[in-house]
Every structure is written in structure tokens, then in C-alpha cells.
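Enquirer: Quick one: this structure, given as C-alpha cells, is what I'll be asking you about.
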Amino acid sequence: MESDNRVSIDFMGKTYKVSKDLSLLGALLEIGWDSVKDLGCMGGCCGACATFYRLPDETHVKAGLACRTPVTEGISFAFVGHYHSPKPDYDVSEISNPKQALFDFFPEVTTCRNCEICPQVCPQGINPMKGMWFATFGDFATVAEMFKSCVQCGLCARVCSMGIRPHLVAMYASRMHGARLMDLPENLLDRMAQIQSGTYQEEWDTILQQQVEPTDEALD
Ligand code: SF4
Ligand code: SF4
Ligand code: FES
């Protein structure tokens, strides 16, 4: 007889028995999937464990982060294949018109069909579709606020039939807002002036001297 403490899960078409009260990622570690050992933060911060899963008796495939999705009896899941969305190469200090440059770097952003798929897959509860509207209309401050908890998992880009990269659009808008468009707070300006005048140079030199080269083992 099976213990009450174990559940059946289906990972990439194969069935395993694992302890309950684990996350999907924890379950993979338990069954010995070494490839996830150093995958990421295990805490919902790095976005490296994007996953599609289906619960028993449901037809709908859901998306989430494997480190934050609990195992349940009969859950079926697979990792989202790893790929990089093309990233524009830009220097925030050299863009003369940040709002206009959005359309040079991300011309597809205006093609959103309002299909509402991307809000359904975001594990952080962000609405990327609305974020693209605000970005298109140049409201970078709202975009920056909306995407504060984005973990760059890329699920929103993965499901977009128009090839929109909401996570990268949001990162661009947030950077431009912070570096070029918003008024910097007084205390930040004071601190920057202190740093530029060398107030903390001694401490900075001490930190640099303490840096160690990474070992081959750490880089492995
Ligand atoms: S906005 Fe996109 S990249 Fe950011 S957490 Fe949501 S789905 Fe992931
Ligand atoms: S998935 Fe793409 S087209 Fe659909 S709402 Fe999101 S950004 Fe727009
Ligand atoms: S491992 Fe970092 S978010 Fe899941």
C-alpha cells in the first residue's frame, strides 16, 4: 500500500512517486534529476524554472515557476525549453529620444492583438499586455511600476503569437525611466556627488583588493 506521504507525478511523460509537500523542482531533485541541481535560486526570484503543467481532470495547461508550484497527485509537467529572446544592444546614456527609440528596438510592440494570453501565464501576476499598452503610449513610469516583480522568466514572450518580448520591453522602459526620465531624488543626488568626489574611495579600494578570482570548480 502506498504511503500517504507520496504522490504520483508525471514529468515529461514518465511517472514518478515523490514526497508530497515538495515543489515541482524539489520533486525533480528527489528523483535524482541532477540537471536541476544548480538551476537557479529555488526561491521564485531568478525565473530559470519556467514550467508548463496540467492538473488531473483539467484540460487547460497552466504555466508557473517549478520552484513555487507544489506537487499534487497526478500533476503532469515539463520545463519550457530554454531559449534567449533577441536582446537589442543599447547604451542608456546614448539614446537621444528614449520613447521613440522603443519602436526602433521593439518594432513589434505595436502589434499586440489584445489576446490576453500573456496575463494568464505570468507567475508574478503581472499583466504584460497592459504593460505593452503603457509602453507604446510612452508611460514608462507605469511600466516600471507594473513590472517591479518580473523575474524575467520569459513565459510572456514564449506564448505571444506576435513575437512581442514584454519582459525586455519592460526592462528597457524601466531602465530609461530610472536613468533618463524621472527626477532623481535629492538624497540619491547627494550620494552620487559624494561617490564622484571620492568620499568612499578608500572603502571601494578595500573591497576591490578583497575580490578573489573564481575557481575552475565554481565556474564548472
Ligand atoms: S512579465 Fe513575463 S518575464 Fe516577467 S514574470 Fe511575468 S511572464 Fe515572466
Ligand atoms: S500574448 Fe502578445 S498579442 Fe497577446 S496580449 Fe500578450 S503581448 Fe498582446
Ligand atoms: S529556480 Fe529561480 S525562480 Fe525557480
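The values are calculated or read from the model by the stated rules, or taken from the named source; none is laboratory data. All figures in this text were calculated on a predicted structure; none of them were measured in a lab. Please note: Cβ atoms are built from the backbone with ideal geometry, for glycine as well, and neighbour counts cover all protein chains shown.
Enquirer: Report, by residue number, each residue of region 129-173 that is aromatic (Phe, Trp, Tyr), within 28 Å of residue 43 (Cβ to Cβ) and part of a helix (DSSP H, G or I).
Expert: 172
The rows are residues; the columns are (1) more than 23 Å from residue 148 (Cα to Cα); (2) away from ligand 1 (no atom under 16 Å from the Cβ); (3) out of contact with any Ser or Thr (no Cβ under 6 Å at 6 or more places or on another chain).
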| site | (1), (2), (3) |
| --- | --- |
| 37 | yes, yes, yes |
| 40 | no, no, yes |
| 51 | no, no, yes |
| 62 | no, no, yes |
| 65 | no, no, yes |
| 81 | yes, no, yes |
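Enquirer: Next question, about the same structure. Under 7 Å between Cβ atoms, which residue pairs at least 6 apart in sequence (or on different chains) link something in region 39-57 that is within 13 Å of residue 26 (Cα to Cα) and at pLDDT 90 or above with a partner that is small (Gly, Ala, Ser) and away from ligand 2 (no atom under 16 Å from the Cβ)?
Expert: Close Cβ pairs (under 7 Å, with a partner that is small (Gly, Ala, Ser) and away from ligand 2 (no atom under 16 Å from the Cβ)) amount to 49/40; 49/66.
Enquirer: Does at least one position in region 177-198 carry a residue that is modelled with pLDDT of 95 or more, part of a helix (DSSP H, G or I) and under 22 Å from residue 108 (Cα atoms)?
Expert: Yes, some residue in region 177-198 is modelled with pLDDT of 95 or more, part of a helix (DSSP H, G or I) and under 22 Å from residue 108 (Cα atoms).
Enquirer: What are the residue pairs meeting all of these: first residue in region 111-138, first residue under 24 Å from residue 182 (Cβ atoms), second residue among the small types (Gly, Ala, Ser) and in a helix (DSSP H, G or I), Cβ atoms under 6 Å, and 6 or more apart or on different chains?
Expert: If the second residue must be among the small types (Gly, Ala, Ser) and in a helix (DSSP H, G or I), the pairs left are 131/170; 135/173.
Enquirer: Still on this structure, I have one more. Specify which of the listed residues (175, 180, 158, 165) is touching a residue at least 12 places away in the same chain (Cβ under 8 Å), surrounded by 10 or more Cβ atoms within 10 Å (Cβ to Cβ) and in contact with a strand residue (DSSP E or B) (Cβ under 9 Å, 6 or more places away or on another chain).
Expert: Of the residues listed, the single one that is touching a residue at least 12 places away in the same chain (Cβ under 8 Å), surrounded by 10 or more Cβ atoms within 10 Å (Cβ to Cβ) and in contact with a strand residue (DSSP E or B) (Cβ under 9 Å, 6 or more places away or on another chain) is 158.
Enquirer: Scan region 14-39 for residues that are surrounded by fewer than 16 Cβ atoms within 10 Å (Cβ to Cβ), in a helix (DSSP H, G or I) and touching a strand residue (DSSP E or B) at 6+ places or on another chain (Cβ under 9 Å) and report the count.
Expert: 1
Enquirer: I'd like the residue in region 124-143 that is within 16 Å of ligand 3 (Cβ to nearest atom) and surrounded by fewer than 21 Cβ atoms within 10 Å (Cβ to Cβ) and, out of all such residues, is farthest from residue 80 (Cα to Cα).
Expert: 125
Enquirer: Got at least one residue in region 55-66 being touching a Cys at 6+ places or on another chain (Cβ under 8 Å), surrounded by 11 or more Cβ atoms within 10 Å (Cβ to Cβ) and over 30 Å from residue 139 (Cα atoms)?
Expert: Scanning region 55-66 turns up at least one residue that is touching a Cys at 6+ places or on another chain (Cβ under 8 Å), surrounded by 11 or more Cβ atoms within 10 Å (Cβ to Cβ) and over 30 Å from residue 139 (Cα atoms).
Table: residues versus (1) within 22 Å of residue 61 (Cα to Cα); (2) more than 10 Å from ligand 2 (Cβ to nearest atom); (3) in contact with an Asp or Glu (Cβ under 9 Å, 6 or more places away or on another chain).
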position: 83; (1), (2), (3): yes, yes, no
position: 93; (1), (2), (3): no, yes, no
position: 113; (1), (2), (3): yes, no, no
position: 136; (1), (2), (3): no, yes, no
position: 139; (1), (2), (3): no, yes, no
position: 159; (1), (2), (3): yes, no, no
position: 175; (1), (2), (3): no, yes, no
position: 187; (1), (2), (3): no, yes, no
